[in-house]
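Written out below as structure tokens is the structure these notes cover.
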Amino acid sequence: MTSKYDPQSIEKKWQERWTQDRLYEVREDPQTTKYYALTMFPYPSGDLHIGHWYAMAPSDVRARFKRMQGYNVLHPMGFDAFGLPAENAAIKHGIHPYTWTMGNIERMRGQLRTMGCIYDWAREVVSCQPDYYRWTQWFFLKLYEAGLAYRGTAPVNWCPQCQTVLANEQVVGEGECERCGAAVTKRDMEQWFFRITSYADELLDFSNVDWPERIKTIQSNWIGRSEGAELSFGLDHPGVEDKEIRVFTTRPDTVYGVTYFLLSPEHPLVTKLTAPERRQEVEEYVAWCRRQEDYERTALGREKTGVFLGSYVLNRFNDERIPIWITDYVLSSYGTGAVMGVPAHDERDFEFATKFDLPIRTVIAPPDYHGQPLEQAYIGDGTLVNSGEFNGLPAEEGFRAICQKLEREGWGKATVAYRIRDWLISRQRYWGAPIPIVYCEKCGIVPVPEEDLPVLLPPDAEFKPTGESPLKYCDAFVNASCPACSGPSRRETDTMDTFMCSNWYFLRYTSPGVDYGPYDREKLNYWMPVDIYTGGAEHAVLHLLYSRFFVKALRDVGLLDFDEPFTRLYNQGTIIYGGGKMSKSKGNVVAPDVYVSKLGADTVRAYLMFVGPWNLGGEWSDSGIVGLSRWLNRVWALCDQDYAATAIDETVDAEVRHLMHKTIKAVTIDLEDFRFNTMLARLMEFTNVLGPVQEAGNVSVATWREAIRILLLLVAPSAPHIAEELWMRQCHSYSVHNHEWPSYDEALAKDEEVTVAVQVNGKLRDKLVVPVTITEEEISEMALSREKIKAHIDGGTVRKVIYVPGRIVSIVVS
């Protein structure tokens, strides 16, 4: 007689036992191969929802699997506690960010424990705690010393609702704030930057990582490497010291086709180059452009606008005076903020020239070109024409020859340009790591000495945003003594972008308790790099790009010895509910606590893996989760009920042993490849076979016991609590999670027969059960002799029979 499966008491019991026994605390072991399995740590902006579980539970399953395979697995958890999500929530609720954040962390920590994960809580990191951001500030100083952190003035993205600057990567969609969705505007401000552009080429090299092609493509496009030339146009204008303006172009072979010259409205020379009679029109146009968002200005299909400045540059290749215009589609943030207009060979330039009746000169001849005007821009390859000494050269040769002349004459050079800009890290918000810099009238910019770190956030500062840093109005924080001369100075009042904190949290996990550095170098070298990193693809050009840069920068300043933070990356999909992605802002979140208290954490874990392929996501369904609960109850009944071998059938016994090895192999392969849904389907198939066997008693006791032992080992990563309970009830040694993952015999796992589909002209018409050793000739003859197949051939001519071994026979009939 089986006892009742009671997940609530079982799960509480084993979670307490695992904690008491420190079962999942991990130490460095040079004799054991390490496996660092990391899931992106969450923002503590509120309670966990099922979307969090969807990211965390399957990754825990795989970490448990690797642990049972004999790896020394590090699978830690912490909280990305600084930044806008937590601060905005605190402001909304009228609670100090620290109080709000730490309260949320306490609740989330408890919720995470109910999940039954193998997190080593002794390694927890919380990025808003001084013992953590002390080292965030220390890293800033190291980059500053290396010339990788600098202060500069630039037009920046400003969110009027969040009241802070945003990095380019945090402006999404059609120019909206990533966090609140407000329309982003532009401001000129002095800010702190990291020189991520110095690592552009290295960041394009993915040869040492196993990442999804999608993420590599997104990062590559964001970095935006373009090969071309920097070339100068002569400038001779009264009152202007500059004697040239330089542009970057990917088509130097079209330089003879330049008929106008474009500057961004924000270009510093615009005012100086504007003729008096054009000034009012220019100023009005510049003001209008500054009110537009970058995405609007560069949108495809947007009507071209512009104003002539009344001044000219000189095309040094043909000594032509080229009129200077300003237009909204040239951005100061990209390239030099200046563009040469070649309307015959650029679609956007063609539209501009057509609208303003500017000359269009063909310099790359299309096929069958005989000097006729172009009806649209020709952007393909061809032969140079109307290009002086370069006439007749193929475009590719013309490219090289013109670049050579540029360098000989000192007019420019072949070069590479990038779309990516340096990373803006300043934030005019309270809830972030203070930037460890002071400003002294005598000494200028002075870094805070390492021994004075951390620069603490004042707990009594006003934290509501005003457009300036709240710290600016906290005298006790601002007023300081200069570390260099001891004179009066003021502290930097901006805080660091929260991504600065997540740049290195995975390093801190390797040795979180040390106070003599951000990490212990020996332990770091044991664990890093991360072997598998799981999380959302939405971080492709934020955290994932910044972390790669940061590790490379730390390597170059001698603080670590590897090139990449994450060897393998896997992006899970999203869990859908009510027709949309589950999120608090949409009000469609599902709280896991209700389901855990009713059905158990093991059921919730299993259901989340069963809803669909993990990389694609799936839809939450209350009825669907009940099905997984029923399956776990069947597992319980199979394992907790006495078995009696009353009618042993040697054939059935052999079939069960075959299925046992086949299931081990399939589950192992599925877990390696993150195919959690098919892994569970295979376990269900196994239990579906074991149920009738239990009733019939037609396999030996030894076979039955081995089948149940294997079942529990295979179930253990997915449903750790029920597996532990049933393992102990089977009188095995504690803990099931410390036992070795089962191995399989390839010969026993191999099918003797397979089911093969038979198609006629692409439509399924029959199925055949055949030996796995059957030849193509044999199966073709068998398929063609079937009455079902004959009926569908029906007097036609068989043109071809194709056999895909073990899968399908395809018959082509005409």
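The values are calculated or read from the model by the stated rules, or taken from the named source; none is laboratory data. Remember, it's a predicted structure, so these values are computed and weren't measured experimentally. Cβ coordinates were reconstructed from backbone atoms using ideal geometry, including for glycine residues, and neighbour counts include every protein chain displayed. When the accessible area is computed, the model is the full protein with side chains, heavy atoms only, and any ligands, DNA or RNA have been set aside. Shrake-Rupley method; radii C 1.70, N 1.55, O 1.52, S 1.80 Å.
Only protein heavy atoms count here; under a 1.4 Å probe, Arg361 has an accessible surface of about 60 Å². Annotation: amide H of Arg765 within the under-5 Å range of Val758, Gln759, Val760, sequence separation 5 or more or interchain, hydrogens built in the peptide plane. Relative to the globular-protein estimate of 2.2 N^0.38 Å, the Cα radius of gyration of the chain stands at 1.19.
Taking H as built 1.01 Å from N, whose amide H comes closer than 5 Å to the amide H of Glu266, not counting residues under 5 places away? Under 5 Å from the amide H of Glu266: Ser332. Against the longest principal axis of the chain, how steep is helix 130-145, in degrees 0 to 90 to the nearest 10, with axes from Cα atoms? Approximately 40 degrees, to the nearest 10. When the Cα positions of Pro155, Val172, Thr99 are compared along the charge dipole of region 98-190, Thr99 comes out farthest toward the positive end, with charges on each C-beta of Lys, Arg, Asp and Glu.
The share of C-alpha pairs in region 449-561 whose separation exceeds 19 Å stands at 61 percent. Cross-link partners for Lys405 among the aspartates and glutamates, with Cα-Cα distance under 16 Å and sequence neighbours closer than 8 places in the same chain left out: Glu230, Asp253, Asp319, Glu389, Glu396, Glu397.
Beta bridges from DSSP with both residues in region 515-660: antiparallel share about 20 percent, rounded to the nearest 5. A Cβ-based charge dipole, computed about the Cα centre of the chain with Lys and Arg at +1 and Asp and Glu at -1, lands at about 1180 debye. Sorted largest first by accessible area at a 1.4 angstrom probe radius, with every protein chain in place, the residues Lys662, Lys788 fall in the order Lys788, Lys662.
The magnitude of the dipole of region 702-777, with charges of +1 and -1 set on the Cβ of Lys/Arg and Asp/Glu and taken from the Cα centre, is near 340 debye. Taking a Cβ cut-off of under 10 Å around Ile379, the surrounding Lys, Arg, Asp and Glu residues balance to a net charge of -2, with basic ones at +1 and acidic ones at -1. Cα-Cα over 21 Å: which of Lys13/Lys34; Lys4/Lys598; Lys12/Lys598; Lys216/Lys586? Check vs 21 Å cut-off fails for Lys13/Lys34; Lys216/Lys586. Looking at the chain, the accessible area is 43 square angstrom per residue; that uses a 1.4 Å probe and ignores ligands, DNA and RNA.
The distance linking region 368-422 with region 620-635 is 66 Å (Cα centroid to Cα centroid, whole angstrom).
Sorting Tyr312, Tyr430, Tyr473 by accessible area puts them as Tyr473, Tyr312, Tyr430; the probe is 1.4 Å, largest comes first, and only protein heavy atoms count. For the pair region 216-281 / region 150-167, the C-alpha centres are spaced 25 Å from each other.
Basic side chains Lys and Arg get +1 at the Cβ, acidic Asp and Glu get -1 at the Cβ, and with that the dipole of region 287-332 about its Cα centre reaches some 80 debye. Normalising the Debye intensity of region 689-732 to I(0), with uniform scatterers on Cα atoms only, and taking log10 at q = 0.23, 0.29 Å⁻¹ returns -0.81, -1.02. Taking every DSSP bridge with both residues inside the chain, close to 75 percent are antiparallel. The 3J(HN,Hα) values that the Karplus relation (6.51, -1.76, 1.60; θ = phi - 60°) gives for region 527-542 are, in residue order, 8, 7, x, 4, 7, 9, 10, 10, x, x, 6, 5, 8, 4, 10, 10 Hz. Gly and Pro appear as x.
Bridgeable lysines around Lys142 (alpha carbons under 20 Å apart, same-chain partners fewer than 8 residues away excluded): Lys552. The residue list Phe248, Ser226, Ile215 was ranked by how far each Cα lies along the charge dipole of region 213-370 toward its positive end, using unit charges on Cβ atoms, and Ile215 comes out on top. Which of the listed residues, Gly46, Trp14, Ser3, is farthest toward the dipole's positive end in region 1-48, when Lys, Arg count +1 and Asp, Glu count -1 at the beta-carbon? Most positive-ward Cα: Ser3.
Residues in region 382-392 carry Karplus couplings, in order, of x, 9, 5, 9, 6, 10, x, 5, 9, 4, x Hz; the curve used is 6.51 cos²θ - 1.76 cosθ + 1.60 with θ = phi - 60°, and Gly or Pro positions show x.
Short to long, the 5 Å bins of the Cα pair-distance histogram for region 616-688 hold 3, 12, 17, 21, 21, 13, 7, 4, 2, 0 percent of all pairs.
Cross-link partners for Lys790 among the lysines, with Cα-Cα distance under 26 Å and sequence neighbours closer than 8 places in the same chain left out: Lys763, Lys767, Lys800.
Apolar share of the accessible surface for the chain: 48 percent from carbon plus sulfur atoms, 1.4 Å probe. In this structure, the amide hydrogen of Asp649, modeled 1.01 Å from its nitrogen in the peptide plane, lies closer than 5 angstrom to those of Val699, counting only residues at least 5 positions away or on a different chain.
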